[in-house]
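Student: Pasting a structure below so you can have a look.
The values are calculated or read from the model by the stated rules, or taken from the named source; none is laboratory data. Given the structure is predicted, the values throughout are model-derived calculations rather than measurements. Glycine gets a Cβ as well: all are built from the backbone with ideal geometry, and neighbour counts include every protein chain shown.
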Amino acid sequence: MSPTLLSKRLKQLESEAILERRWPKEGRGPTYHLTEAGREFIPLVEGLGAWGQRWSRRELVESEIDLGLLLWGLERSVNAAAFPDNCAVVRLEFTDQPSGKDQWWFVNKDNKCELCIDDPGIEVSLYLACTLPDMIYVVRGDLSLSRAISDERLEVLGSSTAKKALRSWLNLSPLTKIKPKRPPSSTIQ
């Protein structure tokens, strides 16, 4: 979603009293929070998510393989406090992407995660390598993390402590645990 469209949608939800905007004492900009009316949507959205996990899992089509959306989603959803050290860097390499779009760094510090497009010059704690679709499948719950690793679709390098922190760092949605009711595609499995 473009920033302009996102801004328009947030203003609409705010005008309908579904969201409220709050300005932090420090930070970059406003944060949005559900109102009482907005919180009533939670069971509906969760129900739709559960239905989607049961019935709509399938192989991705080209238009659904979105590098920017995945990176943005990871930066916003990972658990930056998953590593025992105050600062940990995760390098994610997409083996199917062209040079310049194949390597990304996530700097996890002070319980915040920042995506870097260039090497931040900090020692890497955890190296991940896979194809872009496979990482999307892991995040969506179509491919379990343990299966991706055991099938060598996701390479994980780092100390044993860093490797153990991976699942916590990814902070996958509880919806990923919902088993599909449709027969799985051979690409996902």
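Here is a yes/no grid of residues against (1) small (Gly, Ala, Ser); (2) outside the structural domain of ILE136 (by TED's automatic domain parsing); (3) touching a residue at least 60 places away in the same chain (Cβ under 8 Å); (4) surrounded by 14 or more Cβ atoms within 10 Å (Cβ to Cβ):
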residue: GLN12; (1), (2), (3), (4): no, yes, no, no
residue: ARG21; (1), (2), (3), (4): no, yes, no, no
residue: LEU44; (1), (2), (3), (4): no, yes, no, no
residue: GLY68; (1), (2), (3), (4): yes, no, no, no
residue: ALA82; (1), (2), (3), (4): yes, no, yes, yes
residue: ASP85; (1), (2), (3), (4): no, no, no, no
residue: ALA88; (1), (2), (3), (4): yes, no, yes, yes
residue: ARG91; (1), (2), (3), (4): no, no, no, yes
residue: TRP105; (1), (2), (3), (4): no, no, no, yes
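Student: Can I ask one more? Among the candidates LEU115, LEU172, LEU132, LEU154, which residue alone is touching a residue at least 40 places away in the same chain (Cβ under 8 Å), under 17 Å from the mean Cα position of the chain (by Cα), surrounded by 15 or more Cβ atoms within 10 Å (Cβ to Cβ) and closer than 24 Å to VAL61 by Cβ?
Tutor: Going through LEU115, LEU172, LEU132, LEU154 in turn, the sole match is LEU132.
Student: Looking for whichever is farther than 25 Å from ILE136 by Cβ and not hydrophobic (A, V, I, L, M, F, W, C) here; the options are GLU46, GLU40, GLU59. Which one fits?
Tutor: GLU40
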